[in-house]
Structure formats: structure tokens, C-alpha cells
Protein chains: 2
Amino acid sequence: MANALPIPKILLVDDDPDIIELLEYNLQKEGFEIKSALDGIQAVEVAKAFKPDLILLDVMMPRQDGIETARQLRLIPEFKEVYILFLTARAEEYTEVAAFDVGADDYIVKPIKPRALVSRIKAMFRREAQQIESDEKIEIGQLVINRTNYSVLNDGNPLVMPKKEFELLSFLAKHPNKVFNRDELLEKVWGTDVYVVERTVDVHIRKLREKIPEHYIKTLKGVGYMFTLEA
Amino acid sequence: MANALPIPKILLVDDDPDIIELLEYNLQKEGFEIKSALDGIQAVEVAKAFKPDLILLDVMMPRQDGIETARQLRLIPEFKEVYILFLTARAEEYTEVAAFDVGADDYIVKPIKPRALVSRIKAMFRREAQQIESDEKIEIGQLVINRTNYSVLNDGNPLVMPKKEFELLSFLAKHPNKVFNRDELLEKVWGTDVYVVERTVDVHIRKLREKIPEHYIKTLKGVGYMFTLEA
DNA sequence: CTTATTTTTATCAATTCTGTAAAGATTAGC
DNA sequence: GCTAATCTTTACAGAATTGATAAAAATAAG
């Protein structure tokens with residue numbers, strides 16, 4: 001995934017442990033956070049606690065099928081808009097129709113090709129991200145930070161910076177006059193599942209200061225760093 | 001067709017019976033009158049009798065593709081003004097295949113989300129169809145990319161390139177100064193239902209760089225590739 | 001059906017980026 | 001002005017990403 005910021009959470013629901021294992025492996029590898037349930041009833045329980053962004057739901061399950069599970073989920077306000085993606089066998093065409101009736105966003109036909117599934121899921125989140133992230137461009141002071149071409153202009157002069165520096169600068173510039181301690185920056189820029197030493201932030205700050213005018217990034221001793229326009 | 005009939009009639013054309021069934025169910029539920037055809041030749045026949053207000057046309061079909069079918073329909077005076085909405089696997093396919101040329105009014109990218117489709121169709125009947133502009137020819141830097149004869153001129157010198165390379169270059173050149181990661185390129189150029197390894201993109205990029213001046217395609221490490229005129 | 005071309009995958013080398021440690025500099029508090 | 005804490009800077013190792021090449025697979029052409 002390109003952006004480390006929010007890690008999408010996926011709930012897998014299938015009565016076949018082999019399928020669960022297969023999907024879990026492949027999706028975890030892509031950096032998604034995964035939880036699973038072996039039937040529909042369990043699924044609703046897990047969903048309430050886990051709050052997934054996407055639910056992968058097998059249609060044919062004992063106790064309670066996928067359609068009914070989806071129906072129940074849709075009754076919960078929290079899951080009115082959550083993505084639901086059905087897993088179905090080719091034979092059960094009728095379920096496809098019924099599935100969309102309960103607000104399925106897409107469906108995958110078994111046998112599942114992991115690569116295809118991963119690619120579809122990624123595309124799904126990407127489209128959503130595009131709609132949300134309209135702030136592709138930040139103009140602040142004499143800086144123009146543009147995510148579409150990953151460029152930073154300093155008073156019109158282009159600056160080259162690697163990914164992490166760009167992300168760090170973007171984040172700070174997006175919240176001017178607000179201090180962040182190193183932990184917060186690590187969480188917001190590096191991500192929640194990355195463990196690095198706090199001092200790492202310092203080094204990146206330093207590299208930024210080599211490129212943009214010094215006064216933009218202020219150190220607050222004992223507290224953290226802050227993007228500011230004032231002296 | 002501008003006149004708003006009491007019950008709009010829609011003709012579905014797709015070689016996949018599952019898609020037909022899915023769409024038929026969802027559109028009928030919305031009160032449209034539906035007929036379907038499994039290929040382009042059949043479609044023309046059915047259209048003559050059914051006189052639809054809107055034709056939903058799959059681009060990729062055996063025997064006769066959607067573009068050719070649309071062309072034939074447009075030859076019939078009765079269908080000169082009928083709404084035609086293409087179903088395509090790739091967003092880019094729409095313009096690539098010159099769908100606009102045969103008077104397409106809009107397009108839907110697969111996989112189809114019924115809820116989205118229904119609202120698009122409703123909107124279509126509500127508003128006046130608007131012409132979607134296209135670019136058969138891209139002139140950028142010293143390159144001229146011409147889709148009508150599938151040629152690329154570099155400073156006047158013709159370059160020969162296979163399909164995928166051409167598509168990739170076209171796409172990048174159409175969106176200069178915008179980075180795309182490999183996933184995005186795969187989705188836009190390869191299509192939503194083609195699943196190949198991400199690094200496949202690299203090889204095509206490399207081949208492009210052998211033909212066009214190096215500086216046109218920039219690598220942004222950890223991010224993706226970008227077409228640019230700047231150094 | 002065979003051959004040629006294109007497309008995709010796999011592998012290894014080259015490059016760039018990132019994280020860490022450690023020494024030097026600065027600041028704040030006393 | 002001294003001391004301790006905190007931050008800055010440098011340098012380097014190893015992670016991660018990309019480039020280049022070759023070979024396999026798929027597709028198109030003859």
C-alpha cells in the first residue's frame with residue numbers, strides 16, 4: 001500500500017478454515033489488518049468489536065448464510081455503509097441477485113484467485129481514498145506541497161525529497177502551529193505497525209531543514225516539532 | 001433520446017448471462033422495462049423490435065464487439081439519438097476504442113456495482129446527455145501520440161511499439177506530472193479484471209525508455225512512475 | 001501447425017532510502 | 001558558569017526498491 005496512514009481492516013467470514021487461512025495469508029501480506037469468523041452469527045459479533053472497513057462474506061455457510069448475515073449487519077447503523085463483498089460459487093447464480101439486494105458492493109466467484117482478490121480489494125480502497133483525499137495540494141508560506149506529482153516547491157524552486165521526508169513535511173504542513181511529539185509523528189507518518197526508534201524522527205527533520213527554510217520547522221524542547229510560519 | 005417515456009426501455013447487451021441476470025434484476029426493480037441480447041448481432045435485431053430508450057452495451061463481446069454494434073445501430077435512423085452506455089473493464093478502454101466516435105453517452109467500468117449503475121441511469125434520463133470530449137491525439141514535448149493510426153512520433157521520427165507499451169505511454173502522457181503507483185497503472189491500463197504481478201509495469205516502463213527520451217518517464221522511488229516534461 | 005512477436009515472470013545487480021548509534025552542540029535549570 | 005538533559009549532526013550498515021537481463025508463457029501472424 002502506498003500510504004501507511006490508515007490500515008484498512010478486513011473481516012473474513014467463511015466456514016472453511018482453509019479458505020480463511022489462504023485469504024488471511026494473502027491479505028496480511030498486503031498490509032491489511034485481518035480478523036475472521038467461521039459463521040454468520042460469529043461474524044456479527046466480531047464485526048461489532050473489530051469495526052472492519054470491508055467484510056468478505058461467504059454466501060453458503062451453516063447456521064446462517066451470507067445473505068442473512070449481511071442483512072443483519074445492515075441493520076446496525078455502523079455497518080450501513082461498510083463494504084460487503086460476497087464469495088460465491090458459480091452455481092449459485094440466484095444468490096448474486098439476492099446478495100445485491102442487501103447492499104453487496106461486489107462479488108467474487110470461487111475458486112478464489114488470491115491475486116485477483118487482493119487487486120480488487122486494493123482498487124476498492126483506492127477509489128474510496130481518492131474521494132476523501134481532495135487535499136492533494138497544500139500551499140503554505142512560500143511552499144507548495146503537491147501530492148499528485150510528489151513535488152515540493154520552495155518559492156517556485158522544486159525540491160527533491162524521498163518518500164518519508166515528503167510524508168513528514170506534508171503532515172506537519174497540514175497541521176501548522178500544532179506541536180507533535182515524536183511518538184505522534186511516528187504513528188501518523190510511519191504508521192501504527194512500524195516500530196522504529198524515536199530519534200529517527202530527528203534525522204528526518206534535519207534532512208527537511210536542509211531543504212526548506214529553517215524557520216518553518218520549529219523545535220519545542222522537551223515537547224516535539226511544529227510547522228510554523230511565524231519566527 | 002430526449003423524450004421521457006412513462007417507462008423507459010433498456011436493452012442489455014452482454015455475453016455473460018450472469019451480468020445480464022444481475023442487471024435485469026436490479027433495473028426491473030427500479031421500474032424499467034428490460035430486454036436483453038447475448039451478442040451484438042442479436043442486439044441489433046432485438047433493438048429494431050424493442051425500440052429501447054437506452055442501450056447498455058458491453059465493449060468486449062464475441063462475434064461482434066460493442067463498438068461495431070453501436071456503429072451499426074447508429075446507421076439506423078431510429079437509433080441515431082438513442083442513449084448508448086458502454087460497459088468496459090478499463091476506464092481507459094472507453095476512449096481508446098473510440099467509443100465517443102460512435103456516439104456513446106457514458107460508460108461504466110466493471111466490475112459493475114448495481115446501486116451505482118441504477119443511479120447513473122436514472123441521472124441519465126434526467127439530464128441532457130453531454131458530449132464527452134476525447135483525445136485521439138496527444139502532443140506533448142517532442143512526442144506526438146496518435147491513436148487513430150497507433151503511431152508515436154518522436155521529434156518527427158516514427159516509433160514502433162506494441163500495444164501495451166502504447167497504452168502505457170498514452171496513459172502516462174495523458175496525465176503529465178501525476179504519479180501513479182503500479183497498482184493504479186495496472187488498473188487503468190491493463191484493466192480491472194486482469195491480474196498480473198506489479199513488477200510487470202517496470203518491464204514495460206523500461207522498454208518505453210529505450211524508445212522515447214529517458215527524461216520523459218520519471219521514477220519516484222517507493223511511489224511510482226510519472227510522465228514529465230521537466231528535468 | 002509452426003514461427004514470430006509480445007507479454008509476463010523471475011532473478012540478480014545496482015541504487016537509493018531508512019534507521020541506528022554515537023559524538024558533538026545546544027539549551028534549560030540551578 | 002556548571003551540569004544534565006535534550007537535540008543536532010554525521011556516518012554507516014542493511015532494508016527496501018528499482019533496473020537490467022533472460023527466460024518462460026501467451027498471443028498473434030503466417
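The values are calculated or read from the model by the stated rules, or taken from the named source; none is laboratory data. Here the structure is a predicted model, which is why all the values come from computation and not from measurement. Positions of Cβ are backbone-derived with ideal geometry, glycine not excepted, and every protein chain shown enters the neighbour counts. Please note that ligands, DNA and RNA were not included when accessible areas were found on the heavy atoms of the full protein model with its side chains. Shrake-Rupley method; radii C 1.70, N 1.55, O 1.52, S 1.80 Å.
Evaluation of residue A:165 against the conditions (1) touching a helix residue (DSSP H, G or I) at 6+ places or on another chain (Cβ under 9 Å); (2) away from DNA strand D (no atom under 16 Å from the Cβ); (3) not assigned by TED's automatic domain parsing to the domain that holds residue A:83 shows that the sole unmet condition is (2).
Residue-level check: of (1) among the aliphatic types (A, V, I, L, M); (2) closer than 18 Å to residue B:89 by Cβ; (3) open to solvent by less than 50 Å² (accessible area, probe 1.4 Å), residue B:223 misses just (2).
Within the option set A:137, A:164, being farther than 30 Å from residue A:87 by Cβ and at pLDDT 90 or above holds for one residue only, A:164. Within the stretch A:186-217, the set of residues being within 9 Å of DNA strand D (Cβ to nearest atom), surrounded by 16 or more Cβ atoms within 10 Å (Cβ to Cβ) and not in a helix (DSSP H, G or I) comprises just one member, A:217.
Checked against the criteria, residue A:183 counts as open to solvent by 70 Å² or more (accessible area, probe 1.4 Å) and out of contact with any strand residue (DSSP E or B) (no Cβ under 8 Å at 6 or more places or on another chain).
Scan the stretch B:161-179 residue by residue and report those that are touching a residue at least 40 places away in the same chain (Cβ under 8 Å) and more than 10 Å from every other protein chain (Cβ to nearest Cβ).
Of the residues in the stretch B:161-179, the ones touching a residue at least 40 places away in the same chain (Cβ under 8 Å) are B:161, B:164-165, B:167-173, B:175-179.
The answer is B:161, B:164, B:165, B:167, B:168, B:169, B:170, B:171, B:172, B:173.
Consider the stretch A:96-119 and keep the residues that are at pLDDT 80 or above and part of a loop (DSSP other than H, G, I, E, B). The one that is farthest from the other protein chains (Cβ to nearest Cβ) is A:112. With the requirement that a residue be open to solvent by 50 Å² or more (accessible area, probe 1.4 Å) and within 14 Å of DNA strand C (Cβ to nearest atom), what does the stretch A:163-178 give you? Matches in the stretch A:163-178: A:163, A:164.
Condition first: within 20 Å of residue A:125 (Cβ to Cβ) and of a type outside the set (Lys, Arg). Now tell me which residues in the stretch A:23-45 satisfy that.
Within the stretch A:23-45, A:23, A:24, A:25, A:26, A:27, A:28, A:30, A:31, A:32, A:33, A:34, A:36 meet the criteria.
Give me a count of the residues in the stretch A:150-162 that are surrounded by fewer than 18 Cβ atoms within 10 Å (Cβ to Cβ) and within 16 Å of DNA strand D (Cβ to nearest atom). Residues meeting the conditions: 2. All told, residue B:20 falls short of being at pLDDT 85 or above, closer than 16 Å to residue B:120 by Cβ and among the β-branched types (Val, Ile, Thr).
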